[in-house]
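Notes follow once the structure below has been shown.
The values are calculated or read from the model by the stated rules, or taken from the named source; none is laboratory data. All figures in this text were calculated on a predicted structure; none of them were measured in a lab. Neighbour counts are summed over all protein chains in view; Cβ atoms, including those assigned to glycine, are modelled from backbone coordinates with ideal geometry. For accessibility, only protein heavy atoms count, side chains too; no ligands or nucleic acids. Shrake-Rupley method; radii C 1.70, N 1.55, O 1.52, S 1.80 Å.
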Amino acid sequence: MNPAQIEIQLIAIVVAVACALPGVFLVLRRMALMSDAISHAILLGIVLAFFVVKDLASPLLVIAAALTGVLTVSLVELLNKTKLVKEDAAIGLVFPVLFSMGVILISRFAGDVHLDTDAVLLGELAFAPFNRFEPFGYDIGPITLYVMAGILLLNLLFIIIFYKELKVATFDPGLAASIGLSPAIIHYALMSLVSVTAVGAFDAVGSILVVALMIAPPAAAYLMTNDLKWMIIISAVIGILSAVTGYWCAHIFDVSIAGSMATMTGVFFLLSFFLAPKRGMLSIWQRRSRQKWEFAIKMLVVHLSHHENLPEAKDESRIDHLQRHFEWNKDFAERVVRRAEKSESIITVGDIMELTDKGRQLAGESVVK
Amino acid sequence: MELFGFLGEIITDYTLRTVALGSAILGIISGALGSFAVLRKQSLLGDAISHAALPGIAFAFILTGIKSPIILIIGAAVAGWFGTLLMLSVIKNTRIKTDGALGLILSTFFGFGLVLLTYIQKQPQANQAGLDKFLFGQASTLLQSDVIIMGILGAIALVILMLFWKEFKILTFDPDFGESIGLPIRLLDILITFLLVIAIVIGLQTVGVVLMSAMVVAPAAAARQWTNHLGLMVVLAGIFGIIAGVSGAIISSVGAKLPTGPIIVLCISLIVGISMLFAPNRGLVWNWIRRRINRHRLHLEAVLSDLYELTLHHERRDHPHSVRALETMSIGGGEFVRNSLRELQTKGWVKNVSGDEWALTESGLAKANDLVKERQV
Amino acid sequence: MNDRNLESKDLSIEVADLTVAYGDKPVLWDIDLNVPKGILMAIVGPNGAGKTTMIKSILGLVKPAAGRVLILGKPYHKQRHLIGYVPQRGSVDWDFPTSVLDVVMMGRYGALGWVKRPGKKERDMALEALDKVGMKKFSDRQISQLSGGQQQRVFLARALVQEAEVYFMDEPFQGVDAITERAIITLLRELREAGKTVVVVHHDLQTVPEYFDWVTLINVRRIASGPVDEVFTDENLKTAYGGRVAFISHRKQEANEHVDIGEDRE
């Protein structure tokens, strides 16, 4: 690995963690798409600020972009308040306008500067190491790395300091309001963080990777744990893994680094989607198939116990009754009966089923639950 | 007449005609199908579908090596469809909600699309130029053959929409009821989502992947403000789509360095803005005026009933009462009371007896009586 | 088990061994139910007892894990044309761009079949139904401009134009004004007089004896089902609702007095 490669990966790792932190709360608060809206809309802020200061490295760009992000959020809320459109439509109406303005301004007036529409979406991570941070003439690394490290720190501090407020406001907004935590303030604070993070990351990795890094790792982590702290940690780890593996895939196949990293976040999500303990598809399928039999046996014993010692019992306890009244097919019904016999819940006499004590107990337990 | 000259140019100029026609088709289809998406609260599904289509376009090109629109469209449709299914499966099987699943699909599919696009660019002999127009759209590159394919696909989508109009309506309004009368709701759901995929794929070349979602949401959102009738809403959305598509395409073909997609989006957003402000009944301005008129009427009635109350305390009904007495009962000052009285006078409900002394007329008495009764009910 | 010895030919609904589960969580456990023709039946039970699920699984909207449902002697999917359904009012978006008349005409869609559009006949039927529920003058209204009670009456009108034999209604009295409540109950009685069967998910125990002649108590399991005066007992209510017995029997007593007075007047 040459120094540039290490630096690129370092930047990507820092970006990934910085995005995962607010991303966790976006996913939990069902506002994941605000990251999409914000990361697109900030383009307008960047372009406008660029026209004023004529310098791509100016911190004013970051401030202007972050303000545009907050503007997006308030515009969406304003539209919601009119009740003229539904909430999802409000998001879908606001950010395309701001983004379109940004793109038009770029194509029309900034054609010959390093600001083009492709860079907006893709970013160019490969170029990130070219802009050096050289205080007093000492080269101590790429500027982007320091900017993103600063943003990461900001996000980290915010989450650590306001951890319990965020937690309450996310899981129980009603309680949060009743103990004097303004949901609006927390909402805007979080959205400001998302904006600042998106702005910082945008130049290096492009808006699409920002969205991917904010949503996919937290979504994957959400399937693996119930604990908020662990969800944050796992998100960060998945973000880092996506960044590194994405970088090397891009290196090997000589393709877009940002695109490759975004793809890897998707791959890691898919892995979690299928393999996550308890919530993964594999364990869901396993559980479903096990439950199908267990539940069928329960249905059978509950049914038998309902009619036990009643005049109609004889009729209700026949095996072929399961086909007629349960509408189970013959094969399934026979297999359930066989399994129930094997578990000693019932015995069969001819084609009549009878509950055993164990079966009676199971029926009782099933119904009480 | 410069305008007519310009319109003439559209009709005669081959490129402009093609572009305008293509954008019109895009507008009408996305407007019509978008109406259903918006009413089904799937506004942002279009965003996911259009982003998900990108890898499909790239894949189709890698597999076939040809840039034929029909092949790219098939690729886009397959990938868009696959993305939608994956998204629905995530929503159904995990605790991740719609917003998260949408964001997941759109960002990761799009990322993968970029990977494939850059891969194609690096291929030595491949003629990849033009694939990146799918990002922001480039109407000026539309060919007549593109427009014909768009037209055929769009017509098929519209015919299906009209054939199953009442079934789609019930699917959108009350799916449970629909299922209870025997409609295959799940099948209809799949069908209309597929039509949405077609609508989006048609627009990709013109508006681009990134902004196509706006063409799904905006015309419908604008149309909804003007009407309470589903059929009219769909027609209006189609018309708004056409207006935005054609004017956007023309503007971008006239001005240098104006990307089509963003211009069309600004046009349709302008229509949305106008609709939300000025549409009768729902529009904000309309609402504001109505509230003002209402408030004004209530103020007038308040002064009238104040005077009525004073009158009741007096034996003679036509006994005059002073503005000062009314002022103490009113929310406004003396000037407000005087103005109100003057307006009531023009309606013939009060009369000015002398200076600041006013009394109810016969009709004013009757009116005030009605008001009091109304309030008791 | 008051409904077991009924003859099959007198039954409008036969449910056998119906079990519905979400995952391994049973919502309905092995329900048997026989509903005779031409009655007004209430389904009552505490929140989460599975009342709505029961209607939905009878209508085939929820797939049961086991069980058989017959409507007038045949499986549901063969009898759709004989069924009217009034979903919960809150289950739809009332801001949908459509008119009152249009919603009511949806009741004819099943009979119309694919592709065909509703015409004059459907229009007239819808207007007639609207007249019956006292909503004719609202036929051109946009549905978002209706009050809760008016919305409910529109849904009822839609069920009426289905010209069904068996009606299922999910909480039609939920949050409606007194006038609508009267209108609905009058209508239900008319349906019964015409020999229809009406099954209503109901939450107000107090009005059960006054409004209905048959009642099914469920709480995941079937507690009891039969004529109101036989099954609507303290004991059964206690089984269905658990702890809050005093409250219920007090309310029930009131309700009974209410009925007595009503009968005196008749």
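Quick check on B:K92: is it open to solvent by 10 Å² or more (accessible area, probe 1.4 Å), on the phi < 0 side of the Ramachandran plot, within 11 Å of chain A (Cβ to nearest Cβ) and free of Cβ contacts under 8 Å to residues at least 40 places away in the same chain? Write out each step before concluding.
Details: open to solvent by 10 Å² or more (accessible area, probe 1.4 Å): yes; on the phi < 0 side of the Ramachandran plot: yes; within 11 Å of chain A (Cβ to nearest Cβ): yes; free of Cβ contacts under 8 Å to residues at least 40 places away in the same chain: yes.
For B:K92, the condition - open to solvent by 10 Å² or more (accessible area, probe 1.4 Å), on the phi < 0 side of the Ramachandran plot, within 11 Å of chain A (Cβ to nearest Cβ) and free of Cβ contacts under 8 Å to residues at least 40 places away in the same chain - is met.
For segment B:285-311, a residue qualifies if it is among the hydroxyl-bearing types (S, T, Y) and in contact (Cβ under 8 Å) with a residue 60 or more places away in the chain, and the qualifying residues are B:S305, B:Y308.
Could you tell me whether any residue of segment B:305-323 is touching a Pro at 6+ places or on another chain (Cβ under 6 Å) and either open to solvent by 90 Å² or more (accessible area, probe 1.4 Å) or among the charged types (D, E, K, R) (or both)? Checked segment B:305-323: no residue is touching a Pro at 6+ places or on another chain (Cβ under 6 Å) and either open to solvent by 90 Å² or more (accessible area, probe 1.4 Å) or among the charged types (D, E, K, R) (or both). Listed by first and then second residue, the pairs with beta-carbon distance under 7 Å, at least 6 apart or on different chains, first residue in segment C:116-143 and within 14 Å of chain B (Cβ to nearest Cβ), second of a type in the set (K, R), are C:R117/B:K166; C:P118/C:R108; C:E122/C:R108.
The lone criterion from (1) open to solvent by less than 60 Å² (accessible area, probe 1.4 Å); (2) within 13 Å of another protein chain (Cβ to nearest Cβ); (3) part of a helix (DSSP H, G or I) left unmet by B:G245 is number (2). Considering the conditions (1) closer than 21 Å to C:S57 by Cα; (2) surrounded by fewer than 19 Cβ atoms within 10 Å (Cβ to Cβ); (3) at pLDDT 80 or above; (4) in contact with a helix residue (DSSP H, G or I) (Cβ under 7 Å, 6 or more places away or on another chain), A:V367 is excluded by exactly one of them, (3).
Within segment A:307-325, the set of residues being within 17 Å of C:L70 (Cβ to Cβ) and more than 12 Å from every other protein chain (Cβ to nearest Cβ) is empty.
In segment A:318-369, counting only helices (runs of 4 or more DSSP H) that sit wholly within it, the ones holding 1 or more residues that are under 13 Å from A:E308 (Cβ atoms) span A:357-368.
Does segment B:273-281 include one or more residues that are part of a loop (DSSP other than H, G, I, E, B) and surrounded by fewer than 17 Cβ atoms within 10 Å (Cβ to Cβ)? So that I can check it myself, show each step before the final result.
Filtering segment B:273-281 for residues part of a loop (DSSP other than H, G, I, E, B) gives B:279-281.
Imposing the further condition that a residue be surrounded by fewer than 17 Cβ atoms within 10 Å (Cβ to Cβ) reduces the set to B:280-281.
Within segment B:273-281, one or more residues are part of a loop (DSSP other than H, G, I, E, B) and surrounded by fewer than 17 Cβ atoms within 10 Å (Cβ to Cβ).
For segment C:96-132, taking the residues that are touching a Lys or Arg at 6+ places or on another chain (Cβ under 8 Å), not in a helix (DSSP H, G or I) and not small (G, A, S), the one that is surrounded by the fewest Cβ atoms within 10 Å (Cβ to Cβ) is identified as C:R117.
When the residues of segment B:42-67 are narrowed to those that are in a loop (DSSP other than H, G, I, E, B) and at the interface with chain A (Cβ under 10 Å from one of its Cβ atoms), which ends up most open to solvent (accessible area, probe 1.4 Å)?
Initially, segment B:42-67 is screened for residues in a loop (DSSP other than H, G, I, E, B), giving B:42-44, B:65-67.
Filter once more, keeping what is at the interface with chain A (Cβ under 10 Å from one of its Cβ atoms): B:42-44.
On the way: B:Q42: 52, B:S43: 0, B:L44: 10 Å².
Restricting to residues being in a loop (DSSP other than H, G, I, E, B) and at the interface with chain A (Cβ under 10 Å from one of its Cβ atoms), the top hit is B:Q42.
Working only within segment A:166-205, note down all residues that are assigned to a helix (DSSP H, G or I) and either more than 30 Å from A:L60 (Cα to Cα) or not assigned by TED's automatic domain parsing to the domain that holds A:L44 (or both). First the steps, then the outcome.
Step one: list which residues in segment A:166-205 are assigned to a helix (DSSP H, G or I), which gives A:166-171, A:173-178, A:183-205.
Across segment A:166-205, the qualifying residues are A:K167, A:V168, A:A169, A:T170, A:F171, A:P173, A:G174, A:L175, A:A176, A:A177, A:S178.
All conditions in (1) open to solvent by less than 40 Å² (accessible area, probe 1.4 Å); (2) within 14 Å of chain B (Cβ to nearest Cβ); (3) of a type outside the set (A, V, I, L, M); (4) in a helix (DSSP H, G or I) hold for A:W248, with the sole exception of (1).
For segment C:75-94, filtering for residues that are surrounded by fewer than 19 Cβ atoms within 10 Å (Cβ to Cβ) and within 14 Å of chain A (Cβ to nearest Cβ) leaves 4.
The rows are residues; the columns are (1) touching a Ser or Thr at 6+ places or on another chain (Cβ under 7 Å); (2) modelled with pLDDT of 85 or more.
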{"residue": "B:R297", "(1), (2)": "no, yes"}
{"residue": "B:D318", "(1), (2)": "no, no"}
{"residue": "B:R342", "(1), (2)": "no, yes"}
{"residue": "B:D356", "(1), (2)": "yes, no"}
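State whether the residues of segment B:183-205 include one that is assigned to a loop (DSSP other than H, G, I, E, B), without any contact (Cβ under 8 Å) to a residue 24 or more places away in the chain, over 14 Å from the mean Cα position of the chain (by Cα) and farther than 24 Å from A:I91 by Cα. Yes - at least one qualifying residue is present in segment B:183-205. Would a scan of segment C:62-69 turn up a residue that is in contact with a Phe, Trp or Tyr (Cβ under 8 Å, 6 or more places away or on another chain), surrounded by fewer than 19 Cβ atoms within 10 Å (Cβ to Cβ) and farther than 20 Å from C:L11 by Cβ? No, segment C:62-69 contains no residue that is in contact with a Phe, Trp or Tyr (Cβ under 8 Å, 6 or more places away or on another chain), surrounded by fewer than 19 Cβ atoms within 10 Å (Cβ to Cβ) and farther than 20 Å from C:L11 by Cβ.
Please enumerate the residues belonging to segment A:13-36 that are assigned to a helix (DSSP H, G or I) and facing chain B (nearest Cβ under 10 Å). Reasoning before the result, please.
Residues of segment A:13-36 assigned to a helix (DSSP H, G or I): A:13-28, A:32-36.
A:G23, A:L26, A:V27, A:L28, A:A32, A:L33, A:M34, A:S35, A:D36 - these are the residues of segment A:13-36 that are assigned to a helix (DSSP H, G or I) and facing chain B (nearest Cβ under 10 Å).
Being within 13 Å of chain B (Cβ to nearest Cβ), open to solvent by 10 Å² or more (accessible area, probe 1.4 Å) and in contact with a Phe, Trp or Tyr (Cβ under 9 Å, 6 or more places away or on another chain) is the filter here; which residues of segment A:198-237 pass it? A:M224 - this is the single residue of segment A:198-237 that is within 13 Å of chain B (Cβ to nearest Cβ), open to solvent by 10 Å² or more (accessible area, probe 1.4 Å) and in contact with a Phe, Trp or Tyr (Cβ under 9 Å, 6 or more places away or on another chain).
Within segment C:12-32, the set of residues being more than 17 Å from A:V367 (Cβ to Cβ) and open to solvent by less than 10 Å² (accessible area, probe 1.4 Å) comprises C:S12, C:I13, C:V15, C:A16.
Any idea which of C:D131, C:D93, C:D102 is of a type in the set (D, E) and more than 24 Å from B:P184 (Cα to Cα)? I'd like the intermediate steps shown before the answer.
Working: C:D93 fails: more than 24 Å from B:P184 (Cα to Cα); C:D102 fails: more than 24 Å from B:P184 (Cα to Cα).
The conditions single out C:D131.
Note on segment A:345-354: residues that are touching a helix residue (DSSP H, G or I) at 6+ places or on another chain (Cβ under 7 Å) and either modelled with pLDDT of 90 or more or exposed (fewer than 12 other Cβ atoms within 10 Å of the Cβ) (or both) total 1. You will find that of C:F168, C:F232, C:F155, the residue that is over 30 Å from C:R80 (Cα atoms) and modelled with pLDDT of 85 or more is C:F232 and no other. When restricted to residues that are in contact with a Ser or Thr (Cβ under 8 Å, 6 or more places away or on another chain) and either more than 9 Å from chain A (Cβ to nearest Cβ) or closer than 14 Å to A:K83 by Cβ (or both), segment B:262-295 contains 4. For segment B:249-272, the set of residues classified as open to solvent by 60 Å² or more (accessible area, probe 1.4 Å) and either within 26 Å of B:S50 (Cα to Cα) or not assigned by TED's automatic domain parsing to the domain that holds B:G27 (or both) consists of B:I251, B:K257, B:L270, listed by residue number.
Of the helices (runs of 4 or more DSSP H) lying entirely inside segment B:68-155, those containing at least 2 residues that are of a type in the set (A, V, I, L, M) and over 30 Å from A:R29 (Cα atoms) span B:69-93, B:98-122. Total residues in segment B:202-236 satisfying the condition of being more than 14 Å from chain A (Cβ to nearest Cβ) and open to solvent by 10 Å² or more (accessible area, probe 1.4 Å): the figure is 7.
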